[in-house]
Amino acid sequence: MKYLVAILCLMHSSLLLAQEYTFGVVPQYEPQKLNAIWQPLLKQVSKQTGVSIKLITVESIPVFEKAFANGEYDFAYMNPWHSVVAYEKQGYLPLIKDAGRKLQGILLVNKDSNIDNLSQLEGAEIAFPAPNALGASLLMRADLALLYGLTIKPVYVQTHPSVYLNVALHSTMAGGGVMGTFKQQPESLQNKLKILYKTREISRHPIVAHPRVDPAIQLKVQQAILDIGQSPEHKHLLAGIPIIKPSIATLAEYQQLTQWGLRSFYVEN
């Protein structure tokens, strides 16, 4: 009997490894760039684990949101608020985060505007890339309304660079962004802007797993990414995401967002 049990266990493990698992990625960039960033990493994860992983890219955040809400991904990389929604909708659990940095929104104004206090933005038009952009929009709008009692007029301009241009051209009084994209802008544009406010901090985008994925497979993938982060030969594969220091993520660190009032500002798609 014990031999039969051992054979059945081996067969079960072989079936799990033979299965192809889907990996969805929030479309921060166009699909071509996402493929260039993620395919080499997932190829290495597959090599180290024996787990077959298929990258799924989509062209818009609303399509991505509908997909994870329907449980279409086995694994996914998403923003922290998405991970809260994904847990509520499907039970997705965080596996990996970047312990090297935190996510935080910044509010910028034109250096020539003489704005040096948030109270001066009462009733102002403020540019944001999109309603559900976490640091640049969700966290920022929640902070301004709930922590400072401000009523503003959001203007959604599609991208982070568009936010910064709107503020530089005085088209809006202020704009929400994040430090990463702000520092990517030409120095001439950065020099026209100043940071007026920074939001509360949260752990950065997690890699999550759907509960239908066998825990043994989840652990294999999690450990492979941790190992890649420690490998001088392979850690560059995480740089494009970017994940500077991969570490184990927990549900609790993202669930705190439910206490920050973001739900009132999230737009369901």
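The values are calculated or read from the model by the stated rules, or taken from the named source; none is laboratory data. It should be emphasised that the depicted structure is a prediction, and the values quoted were computed from it without experimental measurement. Positions of Cβ are backbone-derived with ideal geometry, glycine not excepted, and every protein chain shown enters the neighbour counts. Just the protein is used for accessible areas: all its heavy atoms, side chains included, with ligands, DNA and RNA removed. Shrake-Rupley method; radii C 1.70, N 1.55, O 1.52, S 1.80 Å.
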Qualifying residues in the range 182-207 (those that are assigned to a helix (DSSP H, G or I) and open to solvent by less than 30 Å² (accessible area, probe 1.4 Å)) - the one farthest from Ile126 (Cα to Cα): Leu189
Pick from the range 104-116, criterion part of a loop (DSSP other than H, G, I, E, B) and closer than 19 Å to Ala168 by Cβ, ranking: least open to solvent (accessible area, probe 1.4 Å): Ile115
Residue ID - modelled with the lowest pLDDT, chosen from residues in the range 224-269 that are among the charged types (D, E, K, R) and within 16 Å of Asn79 (Cα to Cα): Glu268
Count of residues meeting criterion [open to solvent by less than 40 Å² (accessible area, probe 1.4 Å) and out of contact with any Pro (no Cβ under 8 Å at 6 or more places or on another chain)] in the range 235-252: 5
Some residue of the range 253-263 being among the small types (Gly, Ala, Ser) and either assigned to a helix (DSSP H, G or I) or under 18 Å from the mean Cα position of the chain (by Cα) (or both): no
Qualifying residue in the range 168-175 (condition: polar (S, T, N, Q), within 24 Å of Ile244 (Cβ to Cβ) and buried (at least 19 other Cβ atoms within 10 Å of the Cβ)): no
Among residues of the range 208-229, those that are open to solvent by less than 10 Å² (accessible area, probe 1.4 Å), of a type in the set (Gly, Ala, Ser) and farther than 12 Å from Phe23 by Cβ, counted: 1
Among residues of the range 208-233, those that are of a type outside the set (A, V, I, L, M) and not in a helix (DSSP H, G or I), counted: 7
Residue, farthest from Ser264 (Cα to Cα), within the range 117-133, restricted to residues that are open to solvent by 10 Å² or more (accessible area, probe 1.4 Å) and assigned to a helix (DSSP H, G or I): Gln120
From the options Ser52, Ser113, residue that is farther than 16 Å from Ile225 by Cα and hydroxyl-bearing (Ser, Thr, Tyr): Ser113
Single residue of the range 85-103 satisfying the filter (part of a loop (DSSP other than H, G, I, E, B) and open to solvent by 10 Å² or more (accessible area, probe 1.4 Å)) that is nearest to Glu20 (Cα to Cα): Gly91
In the range 44-84, the residues that are among the aliphatic types (A, V, I, L, M), in a helix (DSSP H, G or I) and touching a helix residue (DSSP H, G or I) at 6+ places or on another chain (Cβ under 7 Å): Val45, Ala69, Val84
